[in-house]
1. Starting with the fewest neighbours, write out 36, 186 ranked by other beta-carbon atoms found within 10 Å of each beta-carbon.
2. Return the whole-Å distance between the Cα centroid of region 83-156 and the Cα centroid of region 162-234.
3. Using a Gaussian network model of the chain whose springs link C-alpha atoms within less than 10 Å, name the residue from 280, 224, 155 with the highest mean-square fluctuation.
4. Could you tell me whether the chain comes out rounded, prolate or oblate from its Cα gyration tensor? Rule is a ≥ b ≥ c as square roots of the eigenvalues, rounded for a/c under 1.5, then prolate if a/b exceeds b/c, otherwise oblate.
5. Around residue 237, with a cut-off of 14 angstrom between Cβ atoms, what is the net charge of the other residues, counting Lys and Arg +1 and Asp and Glu -1?
6. How large is the helix-only mean residue ellipticity at 222 nm for the chain, computed as the sum of -39500 (n - 2.57) over DSSP H runs with n ≥ 4, divided by its residue count, in deg cm²/dmol to the nearest 500?
7. Take 164, 208, 238 and order them by how many other Cβ atoms sit within 10 Å, fewest up front.
8. Could you check what % of the DSSP bridge pairs in the chain are antiparallel, to the nearest 5?
Amino acid sequence: MSTRTAPSVFGAVHLGYIVIETNRFADWRRFGTEAIGMHHDDLSHDLMRFRIDDHECRFLLRRGPAEDVVAIGWHVNDHVSFEQVEARILAHGVPCVEGSAEEAALRGVERLLRFPGPKGITQEIYTTPFMSSEPLLMLASGWVTGDAGMGHVAITSAKPTLMRGYFSTVFDARLTDYIDETISGIKLKIRFLRVNERHHSIAIAAVRGLPIDPIRTRVQHLNIQAESLDDLAQSYERVCELGFDMALSVGQHTNDKELSYYARTPSGFEWEVGWNPIVIDENTWDPSTHQGISIWGHKPVGQTIVDKLDQFRLGTRSLVRPEKTVPALSGVGIPDD
């Protein structure tokens with residue numbers, strides 16, 4: 001059943017929180033607080049949260065073996081838009097489940113609705129985040145959130161057209177631009193999707209011409225935006241001094257002009273700290289294709305031939321490990337290229 005005649009929810013959706021499953025709590029606590037510079041709250045032996053603004057929760061870490069992102073929470077502005085998203089999911093025959101009161105409280109929201117997402121990442125929507133009156137205790141001076149949400153998620157996929165279709169169908173995501181990049185002889189195409197004024201909330205990277213996924217984790221990286229250049233530079237220095245792996249050095253992206261670096265988290269996926277990306281003007285923006293991800297910098301740090309062989313092995317394994325999709329929400333008929 002088509003929902004394309006329904007009012008758009010574009011602009012009413014914002015990246016709100018991330019749920020990570022890990023057994024490496026001590027490493028994550030040091031990484032989040034001492035390296036990146038976020039506020040940390042211990043909830044129990046098996047649960048902790050990071051804050052970067054007045055929201056009670058931006059990152060929920062629960063104990064478990066995945067070492068990966070397991071859920072993405074999307075803040076929807078109002079109940080009308082919330083019900084529109086729910087209605088279109090149900091209209092496509094995909095089940096929605098209401099989260100328990102305990103699950104909502106852990107995420108710092110009044111109530112939440114969850115439904116299946118690409119690559120097995122559960123998608124969750126909510127309307128009312130709880131705000132904390134407790135002062136932020138963090139090394140960073142601040143992080144940019146607000147109407148643009150709290151950064152972005154980058155995902156690798158062997159089925160990028162289906163993934164783009166999913167976020168277009170569910171959230172009316174719009175294509176911002178593409179990047180073509182060649183890394184170690186492998187050609188990549190990266191699609192950047194926005195759901196509000198932020199240049200992108202979802203990035204989808206795919207190997208051109210090959211149905212492989214070279215990344216073990218469901219996400220390739222998470223991004224948060226530093227309030228100042230000093231915050232970015234100081235966190236980069238702390239990551240290095242504390243002995244956490246740096247994946248890519250400081251550089252500037254071609255498409256959103258963001259200055260950033262990429263550190264490797266204790267769970268293995270990457271964490272991008274960025275500063276000063278452009279803001280999209282819907283009245284003037286036209287998608288385009290950029291050659292290469294960086295104007296300058298973003299050089300691999302400490303990568304060896306063993307690392308490259310491991311990545312190749314993971315890619316070949318993905319050929320026999322079907323990628324999880326949600327066909328009913330994957331937007332058949334939505335143009336991609």
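Bear in mind these aren't lab numbers, they're just calculated from the coordinates by the rules spelled out. This structure is a prediction, so every number in the text was calculated from the model and none was measured. Here the Cβ is made from the backbone with ideal geometry for all residues, glycine too, and neighbour counts use every protein chain on show.
1. Arranged by neighbour count, lowest to highest, 36, 186 become 186, 36.
2. Answer, in whole Å: 19.
3. Result for the chain, Cα springs under 10 Å: 280 fluctuates most.
4. rounded
5. -3
6. Helices in the chain give a 222 nm mean residue ellipticity of -5500 deg cm²/dmol.
7. Numbers: 164 25, 208 12, 238 19.
In increasing order of surrounding Cβ atoms, one gets 208, 238, 164.
8. Of the beta bridges lying entirely in the chain, close to 70 percent run antiparallel.
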